[in-house]
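Working notes, structure below.
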Amino acid sequence: MTTDSGRRREQPAEGVEAGPGPQEPMPPSYPPEQQSARPEAPKRRGGWFREMVTVMVSALVLSVVIKTFLAQAFYIPSGSMENTLELGDRVMVSKLAPGPFDLERGDIVVFVDPGDWLGEVPEDNRSPWQQTAADVLTWIGLLPQDAGHHLIKRVIGLPGDHVECCDDQGRLLVNGEPVDEPYLYPGAEPSETSFEVTVPEDRVWVMGDNRGNSADSRAHMGEPGGGTIPMENIVGRAFVLLWPADRITLLNNPEETFADVPEPE
């Protein structure tokens, strides 16, 4: 077949696609000097503020959860644990012992006053707003727990243990085994008073490292419990000295001290 001009019309071969159809218009291009003039998507307003609030709320919730279930900082108000802990030190306390983990002889524990061990608590002379602010920050976990109604001592006797003072060399006896205590305040005697006690079930016998300056279990033997404290009063085990910075250290259990102590019969 020919056109009017007598030339044969070209037909596309079978299996060969026809050329491209109409093209989409290309976006306008801008020379380098006009790049800053290109239109931009509107910025999200308030996005940074929402992100900041989310981060802050998440951090506060995490802090409360940690303080409530895992660990909490405490302030040391006295010298009864010198030289291991000094007045004004801050310690971190694990709330997993007693609980998921058992207490061991030699552990340093924070516990709630089991019955007027502290005597009269000094009056708080801070203004109401300062007290409120401190209470809120302490509840959140951003401030260490004030001593208040808490004490800190070292566990010497566990439930069932027989603890007494002292052998011929002036050492404590735990289940008949003498113990050498390397953590005692330099020059301090294991005990200046004689005593003998069998620790009841679900209670522990505690003593300060500075024995001459510690109103511990020995000072409350005439009270209910015979000077021992209930397990339920124990907040947790102190495991690290946080402050001051030049004294940061782990509060390891002196395992060798009680390694030879037999289990109670």
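Structure summary
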read-out: Residue match in the range 246-256 (condition: loosely packed, with under 14 Cβ neighbours inside 10 Å, more than 30 Å from the chain's Cα centre (by Cα) and part of a strand (DSSP E or B)); value: no
read-out: Qualifying residue in the range 67-85 (condition: of a type in the set (Asp, Glu) and at pLDDT 80 or above); value: yes
read-out: Qualifying residue in the range 192-201 (condition: hydrophobic (A, V, I, L, M, F, W, C), assigned to a strand (DSSP E or B), modelled with pLDDT of 95 or more and closer than 25 Å to Glu256 by Cβ); value: yes
read-out: Criterion: assigned to a loop (DSSP other than H, G, I, E, B), within 16 Å of Ser217 (Cα to Cα) and either at pLDDT below 95 or of a type in the set (A, V, I, L, M, F, W, C) (or both) - qualifying residue of Gly88, Gly119, Gly160, Gly148; value: Gly119
read-out: Residue within the range 235-255 that is touching a helix residue (DSSP H, G or I) at 6+ places or on another chain (Cβ under 9 Å), within 13 Å of Leu85 (Cα to Cα) and free of Cβ contacts under 8 Å to residues at least 40 places away in the same chain present; value: no
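The values are calculated or read from the model by the stated rules, or taken from the named source; none is laboratory data. This one's a predicted model, so the numbers in the text were calculated from it and none came from an experiment. Virtual Cβ from ideal backbone geometry, glycine too; neighbours counted across all protein chains shown.
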